[in-house]
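Undergrad: Questions regarding the structure given below will be posed in turn.
Read the figures in this text as sums done on the coordinates, not as results from a lab. These numbers were taken from a predicted model, which means no experiment stands behind them. Neighbour counts run over all protein chains shown; Cβ positions are idealised from the backbone, glycine included.
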Amino acid sequence: MDFKKEIILLLAKSTKLPVPEIEPLISAPPDSKLGDYAFSCFKLGGNPKEAALRLKEKIKLPKFLAKLEVVGPYLNFFVDKTTLAETVLTEIKQQKANYGKNGKNNAGKKIVLEYCGPNTNKPLHLGHMRNMALGSAMVNLLDFQGNKVSPVNIVNDRGIHICQSMVAYQKWGKDKQPDKKGDHFVGDYYVLFAQKNKKQPELMKEAQELLYQWEMKNSKVLKLWKKMNFWVLNGFKETYQRFGIAFDREYYESELYESGKKVVFAGLKKRVFVKDDNKNIVAPLESYGLPNKVVLRCDGTSVYITQDLYLAEQRYKDYKYDQSLYVVASEQNLHFRQLFKIIELLQKPFAGKLYHLGYGLVHLPSGRMKSREGTVIDADDLMDEISSLALKEVNERYPNLSQKEREDRAEKIGLAAIKFYMLKTDPVRDIVFNPEESLKFEGETGPYLQYTYARASSVLRKAGKVLGKLNYSKLDYSKLAEINEHNLILLLSKFPEQIRDAAQQYKPHLLCRYLLDLAQQFNEFYHARKIISDDEKLMKTRLELASAVRQVLSLGLGLLGIKVLEEM
């Protein structure tokens with residue numbers, strides 16, 4: 001039962017206001033003693049307090065509400081505690097892993113979601129980890145809402161940066177085979193090129209010549225390119241697997257750019273594009289409030305938008321999508337505004353179905369990442385470092401576990417630390433990643449949520465050992481009358497709404513905030529109330545509450561791509 005929705009419908013009937021106008025006027029009172037939901041009466045006209053009083057008299061109290069109270073200009077609603085407890089805990093118990101699914105209206109909606117987008121000249125780095133955490137969480141959230149979601153990846157496997165690594169390998173690699181993960185091996189040559197180029201600027205001309213030879217399909221150049229890309233792509237696969245992500249399909253820039261040129265020439269013929277004074281082919285966008293955009297250089301070489309124009313078209317052929325989402329850093333906001341406008345001007349059938357989910361940059365405490373200087377934190381190195389720190393904690397707590405069990409547990413804690421840190425902030429904001437802070441077992445961290453889940457699991461295990469099998473068929477929900485119990489159950493009832501908001505607004509941090517609130521309220525309840533007690537009826541309902549919290553934490557963390565632990 002959606003209590004908020006029922007209250008909105010009740011207000012719509014009593015005020016004659018449309019539901020969309022009522023919804024933003026509903027909020028949570030600042031103090032739970034003032035009620036569970038508050039309705040602002042300013043929009044009813046006249047003195048808002050008098051309007052609230054009139055509205056209170058007008059509403060016939062349904063069974064799920066205990067009372068109404070006027071507090072200044074607000075009409076506050078108190079949900080009946082027993083009804084709330086019985087309804088919410090029963091729904092969670094019955095629906096299990098489906099609790100919170102509310103995607104009936106989205107059935108069959110096809111969504112293509114692009115994320116990751118690596119370059120094959122270096123390993124995945126810290127910024128990619130935010131992208132992967134955000135992209136995979138959105139795949140899970142949108143899928144949970146009943147959409148058919150296809151995660152895809154675009155691999156930038158050609159261009160001047162790729163050729164820089166190739167030049168360095170040609171000069172100093174001496175046909176060496178990888179002695180480490182392939183992406184790290186190739187990335188070393190990208191860094192080496194940047195270092196050597198400072199003293200030997202002619203190296204850049206060699207890289208440009210190599211790019212030209214690649215475009216001319218020089219067999220030796222293509223052979224080297226394929227070999228180095230093979231090493232890198234195998235390295236990426238290992239990282240994806242460790243991070244827990246997979247793609248339905250991967251697209252490669254090298255297979256797209258020529259078709260992108262055809263899209264440009266067709267647009268030139270239709271006069272959507274023009275040639276500038278330098279013979280570049282340009283999309284004139286100034287009349288739409290955007291800078292003009294070069295879509296093909298005068299020498300016939302492509303730019304990023306060349307491939308993007310064709311890629312959107314190819315994906316539409318592949319999936320016939322209702323929506324295509326691009327998870328790409330906010331630095332590319334202008335690029336996507338231009339891309340979407342050009343697609344609209346080309347009158348493509350998928351125009352209007354495209355959305356850029358931008359996100360802020362990831363900084364280190366010492367400053368912004370720069371891969372050319374070799375000072376970037378690689379994704380693999382970060383996972384190793386965090387898991388190593390977690391292993392020290394696990395070794396101290398659980399010396400009796402086998403080495404493999406301790407390492408597995410540390411890996412889950414480490415990945416939870418990274419993913420949650422990347423997701424807990426609004427995507428549009430930049431973040432400063434702090435490895436030590438991310439791993440704390442208290443505060444706003446993934447390990448804290450894992451610890452809370454493990455605590456709930458421990459309570460249920462202890463209850464089973466001490467009491468044996470309890471009969472849960474008849475629970476007295478009126479026993480859950482304490483304010484912290486009521487607040488905890490009310491928060492559980494809001495899980496479906498939080499999932500819906502996080503998915504519809506493309507903001508997984510809303511789910512993160514919810515899970516932190518849930519964990520905090522459960523821990524307050526745990527410390528304030530004796531769960532295993534002599535009052536069997538009270539004990540059974542409190543165990544049912546602990547079980548519900550455990551289930552919702554597991555569901556929420558799973559949607560964020562975080563694995564739970566039964567003990568910590």
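Undergrad: Determine ³J(HN,Hα), in whole Hz, for all residues of the range 323-332 in sequence, where each value follows from phi through the Karplus function 6.51 cos²θ - 1.76 cosθ + 1.60 and θ = phi - 60°; x replaces Gly and Pro.
TA: 3J(HN,Hα) across the range 323-332, in whole Hz: 8, 10, 9, 10, 8, 9, 3, 5, 4, 9.
Undergrad: Whose amide H sits under 5 Å from the amide H of V294, counting only residues 5 or more places off or on another chain, with H placed in the peptide plane?
TA: Amide H neighbours of V294: A283.
Undergrad: With the cut-off at 1.5 for a/c, could you classify the range 210-271 from its C-alpha gyration tensor as rounded, prolate or oblate? Could you put the intermediate results ahead of the total?
TA: On the way: a/c = 4.74, a/b = 1.42, b/c = 3.33.
In terms of gyration-tensor shape, oblate.
Undergrad: In addition: What shape does the range 379-559 have by the C-alpha gyration tensor, where a ≥ b ≥ c are the square roots of the eigenvalues, rounded means a/c under 1.5, and otherwise prolate means a/b greater than b/c and oblate the rest? Don't jump to the answer; show the numbers that get you there.
TA: On the way: a/c = 2.62, a/b = 1.37, b/c = 1.91.
It is oblate, given that a/c is not under 1.5 and a/b is not larger than b/c.
Undergrad: Follow-up question, since we're still on this one. If N is the number of residues in the range 474-568, what value comes out of its Cα radius of gyration divided by 2.2 N^0.38 Å?
TA: Working: Rg = 14.3 Å, N = 95, 2.2 N^0.38 = 12.4 Å.
Cα Rg divided by the expected 2.2 N^0.38 Å: 1.15.
Undergrad: Rounded to the nearest angstrom and ordered from largest down, what semi-axes does the equivalent ellipsoid of the range 121-248 get from its C-alpha gyration tensor (root of 5λ)? Mind dumping the intermediate values first?
TA: Numbers: eigenvalues 213, 46, 37 Å².
Semi-axis lengths for the range 121-248 are 33, 15, 14 Å.
Undergrad: Further, regarding this structure: Cα-Cα over 29 Å: which of K56/K96; K43/K109; K96/K474; K5/K537; K180/K440?
TA: Details: K56/K96 37 Å; K43/K109 36 Å; K96/K474 19 Å; K5/K537 31 Å; K180/K440 31 Å.
In this structure, K56/K96; K43/K109; K5/K537; K180/K440 exceed 29 Å between Cα atoms.
Undergrad: Angle, helix 48-58 long axis vs. longest principal axis of the chain, Cα atoms, 0 to 90°, nearest 10?
TA: The helix 48-58 is inclined about 60 degrees to the chain.
Undergrad: Also, quick follow-up: Using a 7 Å offset from the Cα along the Cα-to-Cβ direction at both D318 and Q347, what is the distance between the two label points in nm, to one decimal?
TA: For the pair D318/Q347, the computed spacing is 2.8 nm.
Undergrad: What is the helix-to-structure angle for 81-95, meaning the angle in degrees between its Cα long axis and the longest Cα principal axis of the chain, kept from 0 to 90 and rounded to the nearest 10?
TA: For helix 81-95, the angle is close to 40 degrees.
Undergrad: Right, something else. Calculate the FRET efficiency for N434 and W172 from the Cβ-Cβ distance with a Förster distance of 22 Å, rounded to the nearest 0.05. Don't jump to the answer; show the numbers that get you there.
TA: Details: r = 36 Å, r/R0 = 1.63.
The computed FRET efficiency comes out at 0.05.
Undergrad: Pairs of Cα atoms under 8 Å, at least six residues apart: use those to get the relative contact order of the range 379-559, whole percent.
TA: Details: 168 pairs, mean separation 41.1, N = 181.
Contact order relative to length: 23 percent.
Undergrad: Can I ask one more? Hand me the trypsin sites (Lys or Arg not before Pro) from the range 21-112 located in a DSSP loop with no more than 13 other Cβ atoms within 10 Å, in residue order please. Provide the component values of the computation, followed by the final result.
TA: On the way: sites: K33, K43, K49, R54, K56, K58, K60, K63, K67, K81, K93, K96, K101, K104, K109, K110; in loops: K60, K63, K101, K109.
In loop regions of the range 21-112 (DSSP not H, G, I, E or B), the sparsely surrounded trypsin sites (Lys or Arg not before Pro) are K60, K63.
Undergrad: Now, a different point. When only C-alpha pairs under 8 Å and at least 6 residues apart count, what is the relative contact order of the chain, in percent? Walk me through the numbers on the way to the answer.
TA: Working: 869 pairs, mean separation 87.3, N = 568.
Computed over the chain, the figure is 15 percent.
Undergrad: How much net charge surrounds Y316 when only other residues with a Cβ under 9 Å from its Cβ are counted (Lys, Arg +1; Asp, Glu -1)? Don't skip to the answer; put the middle values down first.
TA: On the way: positive: R315, K317, K320, K348, K353; negative: E313, D318.
Cβ neighbours under 9 Å give a net charge of +3.
Undergrad: If you don't mind, there's one more thing I want to ask. Looking at the square roots a ≥ b ≥ c of the eigenvalues of the Cα gyration tensor of the range 3-79, which shape do they give, rounded for a/c under 1.5, prolate if a/b is larger than b/c, or oblate?
TA: Values: a/c = 1.30, a/b = 1.11, b/c = 1.18.
Note, shape of the range 3-79 comes out rounded.
Undergrad: So which lysines can K176 reach, going by Cα to Cα under 18 Å and dropping same-chain residues fewer than 8 places off?
TA: Reachable lysines: K122, K220, K223, K226, K227.
Undergrad: Normalised by the empirical 2.2 N^0.38 Å for globular proteins, what value does the Cα Rg of the range 304-440 take? Please list the in-between numbers first.
TA: Working: Rg = 20.5 Å, N = 137, 2.2 N^0.38 = 14.3 Å.
Rounded to two decimals, the normalised Rg is 1.44.
Undergrad: Per-residue counts of other Cβ atoms within 10 Å, averaged by peptide: what ranking do you get for 379-386, 532-539, highest first?
TA: Values: 379-386: 18.6, 532-539: 12.9.
Per-residue mean Cβ counts within 10 Å order the peptides as 379-386, 532-539.
Undergrad: Continuing with the same structure: For the chain, give the share of DSSP beta bridges that are antiparallel, in percent and rounded to the nearest 5; count only bridges with both residues there.
TA: 50 percent
Undergrad: Quick check on the range 249-336: what does the Kirkwood estimate of hydrodynamic radius come out to from the alpha carbon pairs, in Å?
TA: Working: mean 1/r = 0.0714 Å⁻¹.
Answer for the range 249-336: a Kirkwood hydrodynamic radius of 14.0 Å.
Undergrad: Output the 0 to 90 degree angle, nearest 10, between the alpha-carbon long axis of helix 509-528 and the longest principal axis computed from the alpha carbons of the chain.
TA: 40 degrees
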